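No value in this document is a laboratory result; all are computed from the given coordinates. Bear in mind that the values here come from a model prediction, so they are computed numbers and not experimental data. Cβ placement follows ideal geometry from the backbone for every residue including glycine, while neighbour counts extend to all protein chains displayed.
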Amino acid sequence: MLKKIRIIIGVLSLLAVTLLFVDVSGVARHYWGWMAKIQFIPALLAMNVLAVLFLIALTLLLGRVYCSVICPLGIWQDVVIRLRTWFGGAKKKRKNRFGYAPAWRRTRLTVVTCFCVLLVLGLTTATAAAFAGLLEPYSAYGRIASQVFAPAYDWLNNCLAGWSETNGNYMFTPVQILVVVPVLIVASITFVIVTAMAWIGGRDYCNIICPVGTILGYMSKYALLRPMIDTSRCNGCRKCERNCKARCINGKEHKIDHTRCVACMDCLDNCSTGAIRYTWRRGRSMDKTSAGKSDDTAGRRAFLLSGGMIAGALAVKASVEGDGALAAIKEKKTPLRKTPIVPPGALGLVHLGSHCTACQLCVRACPEGVLRPSTELDSFMQPRMEFTSSYCRPECTSCSDVCPAGAILPLDAAAKSAVKIGRAVVDLGQCISVNGQKCGNCSRQCPSGAITMVPVDAAQPEGRLMPVVCDDRCIGCGACEYSCPVGTAGIIESDHSAIHVEGIEIHREL
């Protein structure tokens, strides 16, 4: 029954998190957005104390159930293992798929140490935060879902939309398929590595590479409830060992490495004599499943090391703390900005860079397609704003609503409308209004009324007009840049707008 409960909760969790990235209607994010906010590292970065304490208490009580029923990357590995059982070769289809393997202690400690160092450095430099995000399991799965699963889902949706339109109904709405090649490459490599390791060695990725698995693993060594071997009932068949996906059961010596056990309950299901039970941890003298005094010492040291690094990261963190639809005639190129633009709620470049793990949830949640993953090394895969296909509508708060890591803090529509994230800059040499054509799109579409059309020549008030930006009223939403027709109409030939938005490093309220 425990295994069935684990499978049901795990499947529901995986579907919920996947829908956060795949669903474009926003329904999933409305009902299951909290699933992203209880992921361990995002909750830690967001200083979500209740979520962190809940996960720690859950681990100290039940073991690494987080890896089996909450972490989407961990659950995906279980899916791959099950597919291997169904569709693998004759040897893989039958049971007895795995076997005990010694723990890669040095590798695990090296990876978790590097991760914690990057986490601490990430509070001051976006580059370190981006590389930390490569190892963080939730963010890794988010990139896979947004760049591998979501485009396939969108393509199917568009096919159905085309088919339904030809049959006279509009049940499906076409959506833009967004694929960013550098992020797709990273997501694909991660997907192949995780899937291949799960197919060949079960939960090896969790127990060798994943830093969250290592951190929670050393906590789970002290869990009150965990699988235990009753040597008086064991007949020595070692069936539990050969079916342990974490490869942590040493059937010969009747030992279980609880730092690697992911509480999947498979061993309970496979033991025909009932020798393995999920029960209260006994004292050292009676515990026949311990891995020895040296293992206890190593586990204690690793637990203190990882815990100290997380505490250090938290200490450093604490010290830093419209109009109607506009259809583009042709795709514009993004202008070269001296300072990139980050969304309202991010507070500025440093705050976003130090907290964002590049999970891509905000990019996927943006209904206007304004947020795009950065391809710059110093902010790789973190969100940046582009106004080639739309602009940041003042009433939209989707990105701040879904961010689980505190990189984009929650804002309501009223507060967002008063946050300055950039300033509009006009190139009068490319403006078609200055060059004799009637325009004024930027002025008409500006939601804050920051742009005014004034005569180029004060002596001829009825002559040509030019846009003038009031910097004290401009919030940097990009409506002017998006609506500017330069490059698509008139006598000026250009590949980008005559007015564009420059970001500011630190956001401020107007």
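Prolate is the label for the stretch 360-510. Its Cα gyration tensor axes, ordered a ≥ b ≥ c, give a/c of at least 1.5 and a/b above b/c.
Per residue of the chain, the DSSP helices (runs of n ≥ 4 H) give a summed -39500 (n - 2.57) that works out to -13000 deg cm²/dmol at 222 nm. The Ser232 and Met1 beta-carbon pair, evaluated with R₀ = 30 Å, returns a calculated FRET efficiency of approximately 0.80.
Note that the stretch 204-215 has calculated 3J(HN,Hα) couplings of 4, 4, 4, 9, 10, 9, 5, x, 5, x, 5, 4 Hz, one per residue in order, obtained from phi through the Karplus relation 6.51 cos²θ - 1.76 cosθ + 1.60 (θ = phi - 60°); glycine and proline are x.
Ranked highest first by the average count of other Cβ atoms within 10 Å around their residues, in what order do 185-191, 241-247, 62-68, 167-173 fall?
62-68, 241-247, 185-191, 167-173
Placing a pseudo-label 7 Å from each Cα along the Cα-to-Cβ vector at Gln437 and Leu336 gives an inter-label distance of 2.5 nm.
Which listed residue (Phe21, Gly33, Tyr100) has the Cα farthest towards the positive end of the charge dipole for the stretch 1-115, taking +1 on Lys and Arg C-beta and -1 on Asp and Glu C-beta about the Cα centre? Farthest towards the positive end: Tyr100.
Once R0 is set to 51 Å, what does the formula 1/(1 + (r/R0)^6) return for the Cβ-Cβ distance between Val49 and Asp471, expressed as a FRET efficiency to the nearest 0.05?
Working: r = 39 Å, r/R0 = 0.77.
Step by step, r from the Cβ atoms, then E = 0.85.
Please say if the stretch 205-259 is rounded, prolate or oblate, where rounded means a/c under 1.5 for a ≥ b ≥ c the square roots of the C-alpha gyration tensor eigenvalues, and otherwise the choice is prolate for a/b larger than b/c and oblate otherwise? Note, shape of the stretch 205-259 comes out oblate. Candidates Ile209, Asn441, Ala145 compared by Cα position along the dipole of the chain: farthest toward the positive end lies Ile209, with charges placed on Cβ. Along the axis of the charge dipole computed for the chain (Cβ charges of +1 for Lys and Arg, -1 for Asp and Glu, origin at the Cα centre), the listed residues Ile177, Ala51, Thr110 are led at the positive end by Thr110.
Near Asp230, the amide H atoms lying under 5 Å from its own belong to Ile276, Arg277; only residues 5 or more places off or on other chains count, and H is placed 1.01 Å from N. With R₀ set to 22 Å, the beta-carbon distance separating Trp155 from Val27 gives a calculated FRET efficiency near 0.65. Enclosing the Cα atoms of the chain in their convex hull gives a volume equal to 158 cubic angstrom per residue.
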